[in-house]
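**Q** First the structure, then my questions, so here it is.
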Amino acid sequence: MKITFLGHSANDLFWFILPLILPSLLSRFDLSYTQGGGILTLYLGVTAVGSYVLGRVSDRIARKEILGYGFLVASGGLIAAGFAGTLSLFLLLIAVTAVGVSTFHPVSYALIDESTLSGKGRVLGIFESYGTAAILAMFLINGYLIESVGVRGVLIITALPALIMGILFLRAGQIPVVIVPPVAAAETAATAARGRPRYREGSYLVLGLFLAAIILRVLSVSAVVNFLPTIFVDHIGFGRSTASYATALYFLGGLSGSLVAARFADRVNSYLVLIVASVMLIGALTAFSLNLPKLIYPFLVLILGMFGSGSLINQNLLLTRLGTGLGKGAVFGLMMALMTVTSSLAPTLFGLVTDTAGFTVALSAAAGPVSLGALLLSALWSAERSFQKGNSVVK
């Protein structure tokens, strides 16, 4: 399991390296905010398609090959992108990088779910903390180095851990495809074969509504987080290194939020945790759009990280219950695909609104989707309690 945790650290660096260097890309290629958001959309869009396809494939073939070769493709693509002389070549190479990046999360989430019989929230918390801690370190280190080694140097440094992990995974022992006890598998199949009431874990309607709530939260958070370095530079007036340090607070908040959530994830209702997190995100995003003293914004970023990244553990715990009709790799691949598609569209939409109406309006609008998601989560939690109450009466 330790190699999976370390792999998460290496993989998560790729998810936020482009936002970190986005201010440099805007000036280097003379791009608008919409075009800059389009770069992120391309990168995350390819990652989304790869996540869905490879999530389904991982239920059928050896996982260590998927993970190992994925890391090698990601590292090779990112290093090559540092030497791209034109925008077209740069886009092609980051698309290749995205294919490699897409392999990790669906496979790893499925592996953890299948191999952890108890304390799943704690294991997911450790898993998330490895990834978030790595991104935090990346922003701090690369924020310090970007002025001296440039974008090319930063891309090479970011890709090296993935190169190492690719070799380690390919040399590791076999990673099992399925570790589900036969009795449990038979019960799951029997449940899937029966007709489903309006609310039941495993119902595709409930799963669809829950995924919609996830998408709405991701839309709000991704729109802002992917532009944070640019917001700090162009809107708030920080220098590029300072903007990188301020953005790192999102991942410091995410690290602390993941550790706290891991401690209570197995004891507190996951719907309640996600609803509270959504309310806190709404408040932080709304405050971000206000004209506040500069020192307040890093604190708001910390809150965004705590309740944005901290939501992932309870989200994944619920997903394992609600997605029982699908294979583990398939359900997590579907979730990662939907989240990543949403994350890919969010920067372009945010950039478009910013070009049209400015940062203040764009930041104000960002709180809207997560508000709708909170309403959906509240309805699902209410339906769950009614369903459980009805079962108690029947018993």
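**Q** Which is surrounded by 21 or more Cβ atoms within 10 Å (Cβ to Cβ), under 26 Å from Gly37 (Cα atoms) and among the aromatic types (Phe, Trp, Tyr), of Phe232, Phe238?
**A** Sole residue among the options that is surrounded by 21 or more Cβ atoms within 10 Å (Cβ to Cβ), under 26 Å from Gly37 (Cα atoms) and among the aromatic types (Phe, Trp, Tyr): Phe232.
**Q** Another question about this same structure. Return the pairs, sorted by first residue and then second, in which the second residue is in a helix (DSSP H, G or I) and among the β-branched types (Val, Ile, Thr), the first residue lies in region 234-251 and is more than 18 Å from Leu18 (Cβ to Cβ), the beta carbons are less than 8 Å apart, and the residues are 6+ apart or on different chains.
**A** So the pair list comes out as Gly239/Val233; Leu249/Val301.
**Q** Among the residues of region 272-292 satisfying the criterion of being modelled with pLDDT of 90 or more and of a type outside the set (A, V, I, L, M, F, W, C), which is farthest from Ala365 (Cα to Cα)?
**A** Within region 272-292, the match that is farthest from Ala365 (Cα to Cα) is Ser278.
**Q** Okay, next question. Out of Ala212, Ala248, I need the residue that is out of contact with any Gly (no Cβ under 6 Å at 6 or more places or on another chain) and buried (at least 24 other Cβ atoms within 10 Å of the Cβ). Which one?
**A** So the residue among Ala212, Ala248 that is out of contact with any Gly (no Cβ under 6 Å at 6 or more places or on another chain) and buried (at least 24 other Cβ atoms within 10 Å of the Cβ) is Ala248.
**Q** Taking the residues in region 237-281 that are part of a helix (DSSP H, G or I) and among the β-branched types (Val, Ile, Thr) as candidates, determine which candidate is farthest from Gly305 (Cα to Cα).
**A** The residue in question is Thr242.
**Q** Which is at pLDDT 80 or above and over 21 Å from Pro23 (Cβ atoms), of Ala330, Ala362, Ala367?
**A** Residue meeting the stated conditions: Ala367.
**Q** Of everything in region 22-71 that's modelled with pLDDT under 85 and outside any helix (DSSP H, G or I), which residue is nearest to the chain's Cα centre (by Cα)?
**A** Ser58
Residue-wise test of (1) more than 25 Å from Gly45 (Cβ to Cβ); (2) part of a loop (DSSP other than H, G, I, E, B).
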| residue | (1), (2) |
| --- | --- |
| Pro293 | yes, yes |
| Phe307 | yes, no |
| Ser344 | no, no |
| Gly373 | no, no |
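**Q** Name the residue, out of Ile156, Ile135, Ile94, Ile79, that is closer than 26 Å to Gly38 by Cβ, at pLDDT 90 or above, crowded, with 22+ Cβ neighbours inside 10 Å and among the hydrophobic types (A, V, I, L, M, F, W, C).
**A** Ile94
The values are calculated or read from the model by the stated rules, or taken from the named source; none is laboratory data. These numbers were taken from a predicted model, which means no experiment stands behind them. Virtual Cβ from ideal backbone geometry, glycine too; neighbours counted across all protein chains shown.
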